[in-house]
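Below is one structure, written out as structure tokens, with a few remarks after it.
The values are calculated or read from the model by the stated rules, or taken from the named source; none is laboratory data. Nothing here was measured: the structure is a model prediction, and the numbers come from that model. Don't worry about glycine lacking a Cβ; one is built from the backbone with ideal geometry, like all the others, and counts go over all protein chains shown. What goes into the accessible areas is simple: the full protein's heavy atoms, side chains included, and nothing from ligands, DNA or RNA. Shrake-Rupley method; radii C 1.70, N 1.55, O 1.52, S 1.80 Å.
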Amino acid sequence: MGPLIPNGIIPADWDSIIAILIGLVFGFVLEASGFSSSRKLAGVFYGYDFAVLKVFFTAALVALIGLYYMDYLGYADINLMYVHPTYLWGAIIGGAIMGVGFVAGGFCPGTSICAVAIGKVDAIVYVIGIMIGVLIFSELFFLFQPLYEGSFMGNITLMDSFGINPYWFIFIFTILAIGIFALSDKIRSKVKKVFY
Amino acid sequence: MKIKTQTNRHIYWNPYFGGFLLGILIIFTFYITGRGLGASGAMKSSVVTIVDAVTHSHAADNAYYKQFISEDKSSMNNWLVFETLGVLIGAFISGGLSGRIGWRVQHSPKITSKRRLAFALGGGVLFGLGAQIARGCTSGAALSGMAVLSTGGFITMLAIFGTGFLVAYFFRKNWI
Amino acid sequence: MVKKKVAKFLALRYKILALIFIILAGGLVLLPKYKKHEGIKPEELLNNVINPERYISTDALAHKIISKDPSILLVDVRSEEDYNNYTISNALNIPFSKLLNEENEIYLNQDQYDLVFFSNDNFYADQAWILCNRLGYKNIKVLEGGINQWFLTILNPPVPTENMAAIDFEQYNFRKAASMHFGVAYPEQTKEVKEPEVKAVPKKVVTIEKKKEVPTEGGC
């Protein structure tokens, strides 16, 4: 069974069409959840709107639990899934730079594309900025290369790095996420409302 | 002051509902294609294509561009590029249905549009740089990575939000 | 009245959702774990077993050995004693009883060579083949008829009688030439072409990484 395309159940020619369909739903959900609004996105850092946090963690939880149930029931093989490779320092430093970029620009790439679609000028500028960023990175690749290729740890999962049981991890992660949701509601009620 | 009756201009979905649908979509994507969602990849492909079109020899010399250029097929012929096209269409439909389409710059009333655009550009540059170093953005690395419990995904997620909260104070004027 | 009940229910909706999540996540922890079925499915195995392509004939094998085809790796699954007694040149000895020993896995689980299993007849080689196939190892064939057949056809080919077709003579000539290659002396030969039997030198095998078949490039 799944994943369908790597296992050859759906021919690879369908890849592009499926890509557009998946993107369509992705864009619709992001936009409808308010991710095309930079002030809503930035709200998570100031406590006046936790939509990002809620959407993000709910999605991660649903996906995690769903994938593991499908793996358990034999519909999909979790070992065949693409695991994002871990480059320790690349992830930390890259993530930190992205964090600054997120607060300064108010978007991340996916949401900026949504905002471009509905005509936000700041998002268009932001996308141009991302392209300039990619350009800078590529032109100065020799500078970033040690960081980009260094401290490679393979396509590892948390089970590989810490030897924890994935099921217990998901359980704890769920409780943690629900705790964060409750906390975020509490914080939000204390912070001065911002309207946008 | 009529703060009490003031509401946000747009009503969006309940975040849990959006998150639930997004989670289902991630499962579906993994089930069909065996990989996660992504967004910054398409921008990388665009940059590579543009550079390749302008100066082919330069692109072929650069160790980074070189990985994404193949002679027989354009680097725009890429899963993520198609997905991003889909995102554009999907967001346009959603925005159109709730009447959110229009040219505008969204910013805090305390700052000018110009300042907002300057910060957007700077933020974009930083994000583009960071996304290349970490090999993925919030959707590709953090969200899709977390769905399969990738260590790198969790580290990236913590780094993005951790730094975000740390530096948020310095940018507060832009948003609040 | 109904409205009130609905309102009361709605006030609790997040708590209920949270509870559902916790129950679902807890379900993963509590569900009885079972060992995942490793290797291929029984139906697929049956398909592979009845496929005649898993056999290689002695003639084809002889041809490959003589033409020094680098892609084949012979594996003798008989006991060590038999192996020392006689084996086909350059074969590697993995006794059937030790087939699943860990040190042998690097030879079996690879995709560089075409492995050819043989025993005295088909019997043990077939069993070894099925075990390996079940584990998902690729590129394995069985020498049809094993050493016995090898002996009967290649080393000691039956002389065709006058009334047989020309093709049989061709085959005989090939087999005879092959047998000379493998060190059999014929009376009509004036010069003895005795090639020293090359002792089995286990070829270096590059193993393939197990599992983690990463099918596609990544997200962002």
With the requirement that a residue be closer than 17 Å to B:Q132 by Cβ, polar (S, T, N, Q) and within 7 Å of chain A (Cβ to nearest Cβ), what does segment B:24-55 give you? B:S40, B:S46
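Residues of segment A:81-95 being within 18 Å of A:L64 (Cβ to Cβ) and touching a Lys or Arg at 6+ places or on another chain (Cβ under 9 Å), which ones?
The initial filter retains those residues of segment A:81-95 that are within 18 Å of A:L64 (Cβ to Cβ), namely A:81-84, A:86.
Those that are within 18 Å of A:L64 (Cβ to Cβ) and touching a Lys or Arg at 6+ places or on another chain (Cβ under 9 Å): A:M81, A:Y82, A:V83, A:H84.
One line per residue, one yes/no per condition, for (1) crowded, with 17+ Cβ neighbours inside 10 Å; (2) modelled with pLDDT of 85 or more; (3) part of a loop (DSSP other than H, G, I, E, B):
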site	(1), (2), (3)
B:R100	yes, no, yes
B:H107	yes, no, yes
B:G123	yes, yes, no
B:A131	yes, yes, no
B:I160	yes, yes, no
B:F170	no, yes, no
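Tell me, which helices (runs of 4 or more DSSP H) wholly within segment C:1-88 include 2 or more residues that are within 30 Å of A:N165 (Cα to Cα)?
Values: elements: C:2-11, C:13-30, C:42-50, C:58-66, C:80-85.
Where helices (runs of 4 or more DSSP H) fall fully within segment C:1-88 and carry at least 2 residues being within 30 Å of A:N165 (Cα to Cα), they are C:13-30.
Return the residue satisfying two criteria in turn: it lies in segment A:1-33 and is closer than 21 Å to B:A39 by Cβ and touching a Pro at 6+ places or on another chain (Cβ under 8 Å), and of such residues it is surrounded by the fewest Cβ atoms within 10 Å (Cβ to Cβ). Working first, answer last.
At the first step, the residues of segment A:1-33 found to be closer than 21 Å to B:A39 by Cβ are A:3, A:5, A:15-33.
Keeping just the survivors that are touching a Pro at 6+ places or on another chain (Cβ under 8 Å) gives A:3, A:5, A:33.
Working: A:P3: 23, A:I5: 21, A:S33: 29.
Taking the candidates together, the pick is A:I5.
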Matching residues in segment C:145-159 - criterion: being more than 24 Å from the chain's Cα centre (by Cα) and part of a loop (DSSP other than H, G, I, E, B): C:N156, C:P157, C:P158, C:V159
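Is it the case that segment C:80-88 has a residue that's of a type in the set (F, W, Y) and away from chain A (no Cβ under 13 Å)?
Start the filter on segment C:80-88 by keeping residues that are of a type in the set (F, W, Y), which leaves C:83, C:86.
After this cut, where a residue has to be away from chain A (no Cβ under 13 Å) as well, the list is C:83, C:86.
Yes, segment C:80-88 has at least one match.
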Neighbours by Cβ (under 7 Å, 6+ apart or cross-chain): first from segment C:159-180, within 19 Å of C:S57 (Cβ to Cβ); second open to solvent by 90 Å² or more (accessible area, probe 1.4 Å): C:Y172/C:V159
Any idea which of (1) closer than 15 Å to B:R116 by Cα; (2) touching a strand residue (DSSP E or B) at 6+ places or on another chain (Cβ under 8 Å); (3) without any contact (Cβ under 8 Å) to a residue 60 or more places away in the chain is the one A:G101 doesn't satisfy? (2)
From the options A:G66, A:G94, residue that is part of a helix (DSSP H, G or I), buried (at least 17 other Cβ atoms within 10 Å of the Cβ) and not assigned by TED's automatic domain parsing to the domain that holds A:L41: A:G94
Count, please, the residues in segment A:1-56 that happen to be more than 7 Å from chain B (Cβ to nearest Cβ) and in a helix (DSSP H, G or I). 10
Filter segment A:115-152 for residues that are within 7 Å of another protein chain (Cβ to nearest Cβ) and not in a helix (DSSP H, G or I); the one that is surrounded by the fewest Cβ atoms within 10 Å (Cβ to Cβ) is A:G119
Any idea which of (1) within 7 Å of another protein chain (Cβ to nearest Cβ); (2) open to solvent by less than 30 Å² (accessible area, probe 1.4 Å); (3) among the hydroxyl-bearing types (S, T, Y) is the one A:Y167 doesn't satisfy? (2)
Could you list, in sequence order, the residues of segment C:102-118 that are surrounded by 15 or more Cβ atoms within 10 Å (Cβ to Cβ) and either among the hydroxyl-bearing types (S, T, Y) or farther than 14 Å from C:I130 by Cα (or both)? C:N104, C:E105, C:Y107, C:Q110, C:Q112, C:Y113, C:D114
